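Colleague: What follows is a structure written as structure tokens; I'll ask about it next.
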Amino acid sequence: MEKPKRKKVATPPKLQTGVKAAARRPARPPRNPYSAAEIREIFRRFSVQRPKPVGELEHVNAFTLVVAVALSAQATDAGVNKATRALFAVADTPAKMLDLGEERVREFIKTIGLYRNKAKNVIALSRKLVEEFGGEVPRSHADLVSLPGVGRKTANVVMSMAFGVPTLAVDTHVLRIGNRLRIAPGKKPDDVETAFLRIIPEDYLFHAHHWLILHGRYCCKARKPECERCVIADLCRSLEKTCDRPAPLVELPSQVSDS
């Protein structure tokens, strides 16, 4: 008599452990050393210092803003302003910029770093605006970054300053602040942007970009932070901090630096 065959029972998959399992798990963001209340207080103080912060790049419309921000890569705002005042006086639209031509654009911006490549991009983006967007600066982030010489940072600045969309553009100052204060750490600008967007209170987001840039430009400077002038010295978790006493919280006059 034949023995009845046993049915095969499906065994559950083995739990993966060790390095392979860890690699498959989504990485958790590092624990922020600031409480939500402390982060809100940081931006509240920035808002008292500069109730209506503005960008320091001079421009007359959305197009000249795109050009100015694109030119500001590896250059100071003050240096860009000196070069673009005369340029924008004669070419404040994509069509006028095309008529000017690459060679003449180079002459206007030759005091700015990487001016040859930047002049080429200015003409190329002007041509694309004329041929594909009817001479108007597009309001879509995806369309903006499709323009020659326009990256994520430039697109974010234009979205915010020209079209009133709350965004966070990460330049060298914002990157430094995020890492030095350990408030939004990241090796790449995109990582710092994501970290900041995760923690900035929504009602402070629209001006946060300017507050962080201006704080980095005038107070938390690259070479040596001026902690004695810092309004958030008591809240700051930077390992480089030299002072725990916050500066008086008063509204500051507008200023334009060469840094």
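Colleague: Restricting the first residue to segment 134-163 and requiring it to be free of Cβ contacts under 8 Å to residues at least 60 places away in the same chain, which pairs with a second residue that is of a type outside the set (Ser, Thr, Tyr) and assigned to a loop (DSSP other than H, G, I, E, B) meet a Cβ separation below 6 Å and a spacing of at least six or different chains?
Modeller: Arg139/Phe163; Asn156/Ala169; Met159/Val165
Colleague: Quick one: would you say Gly186 is over 21 Å from Arg45 (Cα atoms), surrounded by 18 or more Cβ atoms within 10 Å (Cβ to Cβ), touching a Gly at 6+ places or on another chain (Cβ under 8 Å) and outside the structural domain of Val137 (by TED's automatic domain parsing)?
Modeller: Yes.
Colleague: Still on this structure: Has segment 29-39 got any residue that is assigned to a loop (DSSP other than H, G, I, E, B), at pLDDT below 95 and in contact with a helix residue (DSSP H, G or I) (Cβ under 8 Å, 6 or more places away or on another chain)?
Modeller: Yes; the residues of segment 29-39 include at least one that is assigned to a loop (DSSP other than H, G, I, E, B), at pLDDT below 95 and in contact with a helix residue (DSSP H, G or I) (Cβ under 8 Å, 6 or more places away or on another chain).
Conditions (1) closer than 16 Å to Glu38 by Cβ; (2) at pLDDT 95 or above, marked per residue:
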residue	(1), (2)
Val174	no, yes
Ile177	yes, yes
Ala184	yes, yes
Phe196	yes, yes
Tyr204	yes, yes
Lys224	no, no
Cys227	no, yes
Leu235	yes, yes
Ser238	yes, yes
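Colleague: Now, a different point. Go through Leu235, Leu205 for me and flag whichever is among the hydrophobic types (A, V, I, L, M, F, W, C) and surrounded by fewer than 17 Cβ atoms within 10 Å (Cβ to Cβ).
Modeller: One residue alone meets the criteria, Leu205.
Colleague: Can you tell me how many residues within segment 87-105 are crowded, with 19+ Cβ neighbours inside 10 Å and either among the small types (Gly, Ala, Ser) or outside the structural domain of Ala70 (by TED's automatic domain parsing) (or both)?
Modeller: 1
Colleague: Here is a check on your reading of the model: is His209 assigned to a helix (DSSP H, G or I), more than 20 Å from Ser35 (Cα to Cα), assigned by TED's automatic domain parsing to the domain that holds Gln49 and touching a Cys at 6+ places or on another chain (Cβ under 9 Å)?
Modeller: It is false that His209 is assigned to a helix (DSSP H, G or I), more than 20 Å from Ser35 (Cα to Cα), assigned by TED's automatic domain parsing to the domain that holds Gln49 and touching a Cys at 6+ places or on another chain (Cβ under 9 Å).
Colleague: In addition: Could you grab the pairs with beta carbons closer than 6 Å, sequence gap of 6+ or different chains, first residue in segment 61-72 and of a type in the set (S, T, N, Q), second one assigned to a helix (DSSP H, G or I)?
Modeller: As it stands, the answer is Thr64/Phe88; Ser72/Val80, since those pairs meet every condition given.
The values are calculated or read from the model by the stated rules, or taken from the named source; none is laboratory data. None of these values were measured; they are calculated from a predicted model. Methodologically, a virtual Cβ is constructed for each residue, glycine included, from the backbone with ideal geometry; neighbour enumeration extends over all protein chains shown.
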